[in-house]
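Worksheet for the structure shown next.
Nothing in this text is a laboratory measurement; each read-out follows from the coordinates by a stated rule. Only a predicted model underlies this, so the values are computations on that prediction, with no experimental measurement involved. Cβ sites come from the backbone with ideal geometry, for glycine too, and all protein chains shown count toward neighbours.
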Amino acid sequence: MIKHIYLDNAATTPVDEVVLNEMLPFFTDVYANPASQYYLGRQASEAVENARKRVADVLGCAPTEVYFTSSGTEANNWAIRGVAFANKDKGNHIITTKVEHHSVLNVCKQLQKEGFEVTYLDVDSDGQICLKQLKDAIKDTTILVSIMAANNEVGTLYPIKEIGKVIAKANKDAKRSEPSHKIYFHTDAVQAIGAVKICVKECHIDLLSLSAHKINGPKGCGALVVRNGVRVGKLIYGGAQERNKRAGTHNMAGIVGLGKAIELAEANREKNAKDIAKNRDYLIQQIRQHIPYTRLNGCAKERLPNNVSFCFYFIEGEGMLIHMDLLGIYCSTGSACASGSLAASHVLVAMGVPIELAHGSIRFTLSKKTTKEELDITVEKLKGIVEKLRAISPLYTKEARARLNDKC
Ligand code: PLP
């Protein structure tokens with residue numbers, strides 16, 4: 001008997017039992033502050049350094065380049081604001097894309113109010129950027145390029161190795177040497193970690209953000225990798241924690257959980273990605289086979305192994321979501337609720353999806369625990385819901401269907 005079907009793993013994931021068991025002693029037994037000098041404090045401090053090494057080992061950097069934060073959101077804020085203000089004597093130009101997470105986009109919008117210039121790169125209908133557009137956008141005043149490794153809504157993977165090469169070449173050509181005037185490369189890898197291999201050195205990444213709760217770790221803990229020599233200011237002021245760069249008493253259990261979660265995610269990455277991608281492709285095929293008038297969002301090939309995002313013509317994602325919820329199937333829409341009014345997803349709009357169609361989007365994100373049986377139930381229920389909603393939709397006319405018949 002299936003109680004509910006959880007297909008919203010891009011929103012968050014449950015904590016793995018192995019991770020939880022490593023975390024538990026840090027609530028009740030090893031509860032000392034890792035900054036304390038006595039034995040219990042030293043034990044806590046050792047656990048923090050062990051977690052730091054685990055993160056560094058996965059990402060191919062030195063442990064001293066890993067800084068723990070409260071979330072992926074904080075890591076993104078710190079990377080972008082930290083680089084912007086520490087390098088504003090060199091330039092005020094930042095390049096990002098139109099499809100970043102709001103924890104990047106809203107920081108950039110705020111920086112524009114504070115005197116920085118931001119170029120938002122366009123994407124194509126798959127949500128992919130164009131490397132030539134990136135090259136052309138770089139100018140003498142550019143100090144930072146922030147491009148995500150994987151899109152959280154439509155699953156498109158970005159060519160971060162190629163992006164890193166473009167930036168490294170631009171630095172070389174302009175004879176920009178660290179730290180006098182280097183364009184830094186930041187990537188938001190919150191959705192990519194655990195799904196694709198990222199080595200910061202190989203990809204010329206200067207800063208990388210990640211979050212524990214997307215990889216079966218706890219909520220409220222993330223990390224920012226800052227390569228040695230990168231000029232980055234502070235976001236949070238206070239004590240001397242994290243080598244005097246990020247103040248605040250360490251979230252001990254969270255950090256230990258993040259360390260274990262990323263180690264496990266990497267150890268099982270290839271197998272999990274392969275297995276999950278099989279289920280992803282099955283779900284895509286089943287939706288296409290059983291439900292007419294749909295559009296798969298995101299790149300078909302360069303795609304997160306767990307992401308299935310569709311637009312359903314003639315109906316709204318919110319309506320579908322409510323019905324799915326009542327049946328115990330948990331997924332999400334591509335649209336965000338902004339100040340009481342439903343705004344279409346900025347990602348889909350940037351991809352050129354018409355607004356009314358963008359409102360009809362649903363995202364399913366699978367996990368290693370997702371079964372074929374769950375996917376069959378999901379498609380069967382979804383088919384019924386779509387039929388029911390279309391039957392009462394004023395947009396579902398014979399003429400509108402005829403217009404679409406060539407496309408779908
Ligand atoms: N970046 C991306 C791509 C995300 O998907 C998310 C969360 O959904 C974040 C950043 C923010 O991470 P956190 O929830 O840890 O603040």
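Looking at I198, I262, I284, can you tell me which residue is within 16 Å of the ligand (Cβ to nearest atom), in contact (Cβ under 8 Å) with a residue 24 or more places away in the chain, in a helix (DSSP H, G or I) and out of contact with any His (no Cβ under 6 Å at 6 or more places or on another chain)?
Working: I198 fails: in a helix (DSSP H, G or I); I284 fails: within 16 Å of the ligand (Cβ to nearest atom).
Answer to the selection: I262.
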Review point. Cβ-Cβ below 7 Å, separation at least six or inter-chain, first residue in region 143-162 and touching a residue at least 24 places away in the same chain (Cβ under 8 Å) and away from the ligand (no atom under 11 Å from the Cβ), second part of a strand (DSSP E or B) and among the aromatic types (F, W, Y): which pairs?
Key: I143/Y184; L144/Y184; V145/F185
Review point. Within region 358-400, how many residues are under 13 Å from I315 (Cβ atoms), in a helix (DSSP H, G or I) and either touching a residue at least 12 places away in the same chain (Cβ under 8 Å) or among the hydrophobic types (A, V, I, L, M, F, W, C) (or both)?
Key: 10
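Determine which member of the set K219, K234, K260, K245 is charged (D, E, K, R) and in contact with a Phe, Trp or Tyr (Cβ under 7 Å, 6 or more places away or on another chain).
On the way: K219 fails: in contact with a Phe, Trp or Tyr (Cβ under 7 Å, 6 or more places away or on another chain); K234 fails: in contact with a Phe, Trp or Tyr (Cβ under 7 Å, 6 or more places away or on another chain); K260 fails: in contact with a Phe, Trp or Tyr (Cβ under 7 Å, 6 or more places away or on another chain).
From the options K219, K234, K260, K245, the qualifying one is K245.
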Check your understanding: So H186 clears everything in (1) buried (at least 17 other Cβ atoms within 10 Å of the Cβ); (2) within 16 Å of the ligand (Cβ to nearest atom); (3) part of a helix (DSSP H, G or I) except one condition, right? Which one?
Key -> (3)
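Can you work out which of the residues in region 92-129 that are of a type outside the set (A, V, I, L, M) and assigned to a strand (DSSP E or B) is nearest to L207 (Cα to Cα)?
Looking only at region 92-129, we keep the residues that are of a type outside the set (A, V, I, L, M), and these are 92-93, 96-98, 100-103, 106, 108-110, 112-117, 119-120, 122, 124-128.
With the extra rule that they be assigned to a strand (DSSP E or B), the set shrinks to 93, 96-97, 117, 119-120.
Working: H93: 17, T96: 14, T97: 16, E117: 20, T119: 19, Y120: 19 Å.
Looking at residues that are of a type outside the set (A, V, I, L, M) and assigned to a strand (DSSP E or B), I get T96.
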**Study point:** Top-ranked residue in region 58-91 [being part of a helix (DSSP H, G or I) and of a type in the set (F, W, Y); ranked as nearest to I193 (Cα to Cα)]
**Key:** W78
Point to revise | Subset of region 349-386 (residues that are among the basic types (K, R) and under 17 Å from A277 (Cα atoms)) | key: R363, K368, K369, K372
Exercise for review: Please indicate, with yes or no, whether at least one residue in region 17-31 is among the charged types (D, E, K, R), within 30 Å of I362 (Cβ to Cβ) and either within 16 Å of the ligand (Cβ to nearest atom) or part of a loop (DSSP other than H, G, I, E, B) (or both).
Suggested key: no
